[in-house]
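Okay, structure first, notes after.
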Amino acid sequence: MLQPFRLALALMLFWGTAARAEAVPGERVERTRAVTVTGNPAHPLPALRVAHGTATLILFPAPIQKKTLTFDESRIRVLDAGERSVIVQAVTDLQEGERSELGVFFADGRVPVRAAFVLTTDPVEVDKQIDVRRPEPLSAACPDEAQAREPRPEDFVLLGYMDKEGIPASPFKDAEDAAQGLSSAEGVSYRGKGWGMLAVVITNSPTQPPWTPREATLTGALGLPLRARLVVDAQGAIAPDHKARVLAVVDTPKLLAGAVFTLELSGEDGRRLKIPDVRFPKAGMEGMQ
C-alpha cells in the first residue's frame with residue numbers, strides 16, 4: 001500500500017504528465033521552489049502561485065493535522081491531503097489583486113505551530129511544487145521528546161488571534177427555508193482581534209439531495225457584501241436528513257458592533273439558505289466601562 005507521501009508524488013506525476021500532454025504555446029511556466037514559514041505575525045505570509053489548470057504540491061517538513069486545514073472552498077480545491085503533503089488547485093484563476101489564505105497546524109506542536117500561505121494567480125508562472133521550510137529551534141529536542149498534540153488555547157494568543165479583549169460571543173436565531181430544503185439551528189457569532197466568525201449547524205431536508213455549501217457572504221444595510229471564508233466541519237456533502245457545523249470567517253477589522261447582517265450560504269447545486277438578523281458582539285472591553 002502506498003504511503004501518503006508516495007501517493008502524493010504519484011498523483012503529481014500523473015497530473016504532470018497529463019498537463020504536458022495538453023500543453024499549448026503561451027502556458028504558464030511551472031516552478032519548483034522553497035518557502036519558509038515563521039509563524040511571526042509581523043512577517044508577511046509566503047505567497048504561493050496557483051492556477052485553475054495546474055495542481056500545486058505542498059510538501060511539509062513535519063507531519064500535519066489534516067483536520068485543521070483551512071481554506072476558501074469557493075476559490076481553492078484540495079485534491080489530496082497526506083501525512084506531510086497537500087495538493088491544491090484554484091477552482092478558477094484568482095483575479096488580479098485577489099488573495100486567498102490556506103493554513104494548517106503541524107502535528108508535533110513545535111513553534112511555529114501553524115503553516116499559513118497566501119495564494120495568488122500569476123499570469124506568467126505557477127508553482128508546481130513548494131518545499132516548506134521551518135526554522136530550527138535554538139535548542140532542538142530529541143525526536144522522542146516531541147509529542148503530537150491538538151491546537152491549544154494558548155495558540156490563539158501566539159498566533160495573534162486573541163488579545164487582552166478576549167473573544168466575546170453572541171447568539172443569533174435559527175432560520176428555515178422549506179422551498180430550499182435547508183434549515184439552521186441557533187448560531188453563535190464571535191469577535192476576535194481583526195476577525196469575526198459565525199458558527200451555525202445546517203440541516204439538509206430528508207427529501208432533498210446531498211448539499212455542499214461553497215460560498216458564504218454577509219450583506220448589511222450599508223456597504224458591499226463581505227465574502228467570508230467557509231469551513232465545513234464534515235467530510236463531503238451534507239446528506240439528506242443530516243446536519244453539519246459551518247463556520248463563516250471574515251478577516252476584517254471593519255465589522256461594526258451592533259450592525260445587522262444577513263448570512264447567505266450558497267451551494268453548488270444552486271440551493272441556498274439566508275440567515276437574517278446576524279450581529280457581531282462588541283469587543284471584549286466595550287460596554288464594561
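Worth pointing out:
- Residues listed by number, region 152-171, amide nitrogen under 16 Å from ARG245 label point at 7 Å toward C-beta: 152-153, 169-171
- At full extension, LEU79 and VAL157 could sit 25.0 nm farther apart than now, given 0.36 nm per residue minus the alpha carbon distance.
- THR219 versus HIS43: modelled label distance in nm, points set 7 Å from Cα along the beta carbon direction: 4.2
- With DNA, RNA and ligands ignored, accessible area of LEU247 (1.4 Å probe; Å², nearest 10): 40
- For region 47-102: Kirkwood Rh in Å [reciprocal of mean 1/r, alpha carbons]: 11.8
- All lysines inside 20 Å of LYS173 as judged from Cα atoms, apart from same-chain residues fewer than 8 positions distant: LYS243, LYS274, LYS282
- Residues whose placed amide H lies under 5 Å from that of ASP122, excluding near-sequence neighbours: VAL50
- Counting only residues at least eight positions apart within a chain, or on another chain, the lysines with an alpha carbon under 29 Å from that of LYS128 are LYS66, LYS67.
The values are calculated or read from the model by the stated rules, or taken from the named source; none is laboratory data. Just so it is clear, the structure is predicted and the values come from calculations on it, not from any experiment. Backbone-built Cβ (ideal geometry, glycine too); neighbour counts: all protein chains shown. What goes into the accessible areas is simple: the full protein's heavy atoms, side chains included, and nothing from ligands, DNA or RNA. Shrake-Rupley method; radii C 1.70, N 1.55, O 1.52, S 1.80 Å.
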